[in-house]
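Report on the following structure.
Read-outs throughout are calculated quantities, based only on the coordinates presented, and are distinct from any laboratory measurement. Being a predicted model, the structure only gives us computed values, none of them experimental. Counting neighbours? That spans all protein chains shown, and the Cβs are built from the backbone with ideal geometry, glycine included.
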Amino acid sequence: AKFDVKCDRGTTSIDISPPLEETILSATKITTDSFHGKAGNMHGIHQRAEATFTLTSKEQWGGIPERIVKASTMSLVEEWNNDQCKFAGRLPASGNDVLLNIECNRDSGSGKMVLCCDSAMALNVLLNSFKTA
């Protein structure tokens, strides 16, 4: 939303935009094989980012997919197959793929998320957002 704030000293334009993760477009039906193929093509330093995490309780393990979907508009591709969840979306301006793979051991609670995206700026913003989801 754009609007102008006026006061006795002049006018200031203000632009309020939603966070990037809320503007991601849902991916059309994407298969697990297609996910792996697209993620395999994005292996450059500016196309892939990783973060590790540790859950504080085993109950949090099952809630990971819901938290990612609630924090963004990513589509769930695959839910907990071999301790992995996969999500896909598209950047709003370019339509480029955004792919997120979360790997988490149910017993230890330790995990890793790998985010693949062709935009280095979006990559870091999205990874930080998903880490706190």
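Helix content alone sets the calculated 222 nm mean residue ellipticity of the chain: runs of n ≥ 4 DSSP H residues at -39500 (n - 2.57) each, divided across all residues, give -7000 deg cm²/dmol. Roughly speaking, what % of Cα-Cα pairs in region 1-79 are separated by over 20 Å, rounded to a whole number? Value for region 1-79 (Cα pairs over 20 Å): 59 percent.
Whats the longest run of the chain with zero trypsin sites (Lys or Arg not before Pro) that are DSSP loop and have at most 11 other Cβ atoms within 10 Å? Value returned for the longest uninterrupted segment is 30-133. Lysines within cross-link reach of LYS38: Cα-Cα under 30 Å, excluding same-chain residues under 8 positions apart? Excluding near neighbours in sequence, the set is LYS29, LYS70, LYS86, LYS112, LYS131. A convex hull fitted to the Cα coordinates of region 4-133 yields 135 cubic angstrom per residue.
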